[in-house]
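K.L.:
Just passing along the structure, written as structure tokens.
The values are calculated or read from the model by the stated rules, or taken from the named source; none is laboratory data. The structure displayed is predicted, hence computed values, not measured ones. Virtual Cβ from ideal backbone geometry, glycine too; neighbours counted across all protein chains shown.
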């Protein structure tokens, strides 16, 4: 919770930046994350005529009984508990967490308009998730709550195109890739034997999405 | 085979009608940084740089890094490699086009460590009768050598980036690190298949002037 408050304060603090005459600020919502039970709100601000900085906040509150049901049902949260060497399968999962997403965008072309057109950016994000589920205790018929903490990191790049409509709305679509890292707090090392579409995958990863924004 | 000929003829006919930059103008391009985006689906980061040479020739050097699963969560691949292409853009004289067509000779090398887990048995809970799999893990490693030819079209968009579409084929020879001969009896969809294979690529590039 403290992490979320701290990140939120940084986000709000950015609002008071002095803005030059030709600068802009966009607030954007990532549509792809919504299908994953997450909300990502990003704030993009011009640094100069070519570069802009984007800072995003990711919040997750999803369960297999909500909007993210298809996405969570695709996952495989099976894990082996070391002390008892027992395999648990988390089937009815609730995921709560947060994170940040950073981009330094370089708008392309000989005379670029920052905030509009094709851009190239490195991208970093960090997320943490708490996964909660009821599982059957081995050799009994009793259920118990299991909590697992998952940390996710990503380092990659994106190439995208941002279009501004009537100085009010922005549509930002991007595609790219990078390295995705997943680690459970109760396990050593990064996760293994996961499919690329799973939330706890580790490996090279295709990243794409569409963001809708407003111009301030 | 007729389909391929038809596609080539169609592409060549379009290039004849095109009006755009002179390809020789691309001599102002220092290099094009490229990434083969569909390879991410196979847990692979495949990126390179194309350097234009004189007389419509260019070379393309790429690095390959693999880490992840290849649509099969029971297998984990870790590896590295490199690719080299010598490209010859087609057409006589200083024609103008935004989508030059090229032919390329291609060489590639990859080393892959493949970790595979299999269910060796099941533990059955005596109370609930729920069975849990017991896994065993194995590892093998192999080297892949490839030589082939490509035909492709590089579409220049606003002198900012390129979309490079190509297809072709060549001979792939795979050799397990603990074997002296090339692999046999493998499926063509496997990375360690030895034989003639087709190749299709979609590559995005950023132009550096």
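K.L.:
Tally time: how many residues in the stretch B:49-81 are at the interface with chain A (Cβ under 8 Å from one of its Cβ atoms) and assigned to a strand (DSSP E or B)?
P.N.:
Looking only at that region, the number is 6.
K.L.:
Restricting attention to the stretch A:80-107, which residues are at pLDDT below 85 and in contact with a strand residue (DSSP E or B) (Cβ under 8 Å, 6 or more places away or on another chain)?
P.N.:
A:80, A:81, A:86, A:87, A:88, A:89, A:90, A:91, A:92
K.L.:
Is it true that some residue in the stretch B:154-164 is under 12 Å from the mean Cα position of the chain (by Cα) and surrounded by 14 or more Cβ atoms within 10 Å (Cβ to Cβ)? Before the answer, list the steps.
P.N.:
First, pick out the residues of the stretch B:154-164 that are under 12 Å from the mean Cα position of the chain (by Cα): B:164.
Subsequent filtering for residues that are surrounded by 14 or more Cβ atoms within 10 Å (Cβ to Cβ) retains B:164.
Yes; the residues of the stretch B:154-164 include at least one that is under 12 Å from the mean Cα position of the chain (by Cα) and surrounded by 14 or more Cβ atoms within 10 Å (Cβ to Cβ).
K.L.:
From the list A:77, A:55, exactly one residue is modelled with pLDDT of 80 or more, within 14 Å of residue A:186 (Cα to Cα) and surrounded by 13 or more Cβ atoms within 10 Å (Cβ to Cβ). Which is it? I'd like the intermediate steps shown before the answer.
P.N.:
Values: A:55 fails: within 14 Å of residue A:186 (Cα to Cα).
Selected residue: A:77, the only one of A:77, A:55 that is modelled with pLDDT of 80 or more, within 14 Å of residue A:186 (Cα to Cα) and surrounded by 13 or more Cβ atoms within 10 Å (Cβ to Cβ).
K.L.:
Could you tell me which residue of the stretch A:121-143 is surrounded by the fewest Cβ atoms within 10 Å (Cβ to Cβ), considering only residues that are within 13 Å of chain B (Cβ to nearest Cβ) and touching a residue at least 24 places away in the same chain (Cβ under 8 Å)? Steps first, please.
P.N.:
Of the residues in the stretch A:121-143, the ones within 13 Å of chain B (Cβ to nearest Cβ) are A:121-122, A:135-143.
Then drop every residue that is not touching a residue at least 24 places away in the same chain (Cβ under 8 Å), which leaves A:121-122, A:135, A:138.
Numbers: A:121: 21, A:122: 15, A:135: 17, A:138: 19.
Looking at residues that are within 13 Å of chain B (Cβ to nearest Cβ) and touching a residue at least 24 places away in the same chain (Cβ under 8 Å), I get A:122.
K.L.:
Which is at pLDDT below 95 and surrounded by 15 or more Cβ atoms within 10 Å (Cβ to Cβ), of B:78, B:112, B:101, B:64? Give the steps one after another, and end with the answer.
P.N.:
Details: B:78 fails: at pLDDT below 95; B:112 fails: at pLDDT below 95; B:64 fails: at pLDDT below 95.
The unique qualifying residue is B:101.
K.L.:
Right, another one. Taking the stretch A:104-118, which residues are touching a residue at least 60 places away in the same chain (Cβ under 8 Å) and either crowded, with 21+ Cβ neighbours inside 10 Å or within 19 Å of the chain's Cα centre (by Cα) (or both)?
P.N.:
Matches in the stretch A:104-118: A:105, A:114, A:115.
K.L.:
Related question: Does any residue in the stretch A:144-159 that is within 14 Å of chain B (Cβ to nearest Cβ) come within less than 8 Å, Cβ to Cβ, of a residue that is outside any strand (DSSP E or B) and modelled with pLDDT under 95 six or more places away or on a different chain, and which pairs are these?
P.N.:
Listed by first residue and then by second, the contacts come to A:144/A:137.
K.L.:
For the stretch B:82-98: of the residues being modelled with pLDDT of 95 or more and over 30 Å from residue B:139 (Cβ atoms), which is farthest from the other protein chains (Cβ to nearest Cβ)? Steps first, please.
P.N.:
Of all residues in the stretch B:82-98, those modelled with pLDDT of 95 or more come to B:82-86.
Of the ones still in play, those that are also over 30 Å from residue B:139 (Cβ atoms) are B:85-86.
Numbers: B:85: 21, B:86: 26 Å.
So the residue we want is B:86.
Rundown of residues vs (1) more than 13 Å from the chain's Cα centre (by Cα); (2) more than 29 Å from residue A:44 (Cβ to Cβ), yes/no style:
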residue	(1), (2)
A:132	yes, yes
A:144	yes, yes
A:152	no, no
A:161	yes, no
A:177	yes, no
A:188	yes, yes
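K.L.:
Sticking with this one: Among (1) within 14 Å of chain B (Cβ to nearest Cβ); (2) part of a loop (DSSP other than H, G, I, E, B), there is one condition residue A:167 misses while meeting the rest; what is its number?
P.N.:
Here residue A:167 meets the rest and fails (1).
K.L.:
Return yes or no: is residue A:213 at pLDDT 95 or above and either surrounded by 17 or more Cβ atoms within 10 Å (Cβ to Cβ) or more than 14 Å from every other protein chain (Cβ to nearest Cβ) (or both)?
P.N.:
In short, no.
K.L.:
Hey, among the residues in the stretch A:182-210 that are surrounded by fewer than 18 Cβ atoms within 10 Å (Cβ to Cβ) and under 23 Å from residue A:121 (Cβ atoms), which one's nearest to the other protein chains (Cβ to nearest Cβ)?
P.N.:
A:208
K.L.:
Can I ask one more? Scan the stretch A:34-48 residue by residue and report those that are touching a strand residue (DSSP E or B) at 6+ places or on another chain (Cβ under 8 Å) and either at pLDDT 85 or above or surrounded by 20 or more Cβ atoms within 10 Å (Cβ to Cβ) (or both). Let's see the steps before the verdict.
P.N.:
First, the residues of the stretch A:34-48 that are touching a strand residue (DSSP E or B) at 6+ places or on another chain (Cβ under 8 Å): A:36-47.
Within the stretch A:34-48, A:37, A:38, A:39, A:40, A:41, A:42, A:43, A:44, A:45, A:46, A:47 meet the criteria.
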